[in-house]
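The values are calculated or read from the model by the stated rules, or taken from the named source; none is laboratory data. Everything quoted here is computed from the prediction, not taken from an experiment. Because the Cβ atoms are built from the backbone with ideal geometry, glycine has one as well, and the counts that use them run over all protein chains shown. Just so you know, the surface numbers come from the protein's heavy atoms only, side chains and all, with ligands and any DNA or RNA stripped out. Shrake-Rupley method; radii C 1.70, N 1.55, O 1.52, S 1.80 Å.
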Amino acid sequence: EVLFRRLLAADGGHRPCYLGLSRIPAVDARRREGFLAAAGKLGVPAGEKAVFTLSGLDGITDDLPSRLLRRGYTAAMCFNDVVAVAFYQAALRAGVRVPGDLSLTGFDDSPVRELSGRRIDTVSLSVRRLGEEAAAWLRGRIIDREQQGIRRLIAGEYVPGETIGPHRGAAAGGLS
């Protein structure tokens, strides 16, 4: 939700899509659900048609950014920072401006986000909080012999980058 809010603050007219990764299905399902829930909560039109699931990074072809633009999307919200950096590189090769033509977000605050020409806007999950939750669950399993699995929703913290901006129209070359 925090990334949606940043997109709306930059340009209330953004039409985002989600780029998922099927190789990690459980995590992808949660992030896809989060994308759709945040869109609904904030009144951003985005349904299942705005969800694109990639089988791997090889699904990020050089024409993907242009195809998204032609479909009317102005922001790509990626499964993680690795996907976002690969998408950014494809956009560069296609002449699509990030930000400008498309805004872009990642997830996880990975060091890989520093490898693109612009730092990717992302979300960081507190490693300390994740560790505390895991320790509490382990304690319950070992000491109290609890049988329940662990599933916690931990709020992320926005990490600013340089890939969210106002939508300025389609890139040169008739991509609109």
Next on the checklist: Just checking, does the range 143-161 include any residue being open to solvent by less than 90 Å² (accessible area, probe 1.4 Å), modelled with pLDDT of 75 or more and touching a Lys or Arg at 6+ places or on another chain (Cβ under 7 Å)?
Outcome noted: yes
Checklist entry - If we scan the range 53-75, do we find a residue that is open to solvent by 40 Å² or more (accessible area, probe 1.4 Å) and touching a Gly at 6+ places or on another chain (Cβ under 7 Å)? => result yes
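From VAL83, VAL96, which residue is assigned to a loop (DSSP other than H, G, I, E, B) and at pLDDT 95 or above?
Exactly one of VAL83, VAL96 is assigned to a loop (DSSP other than H, G, I, E, B) and at pLDDT 95 or above, namely VAL96.
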Checklist entry - So how many residues does the range 34-69 have that are in contact (Cβ under 8 Å) with a residue 24 or more places away in the chain and either in a loop (DSSP other than H, G, I, E, B) or hydroxyl-bearing (Ser, Thr, Tyr) (or both)? => result 11
Next on the checklist: With the requirement that a residue be modelled with pLDDT under 95 and open to solvent by 10 Å² or more (accessible area, probe 1.4 Å), what does the range 37-52 give you?
Outcome noted: ALA37, GLY40, LYS41, LEU42, GLY43, VAL44, PRO45, ALA46, GLY47, GLU48, LYS49
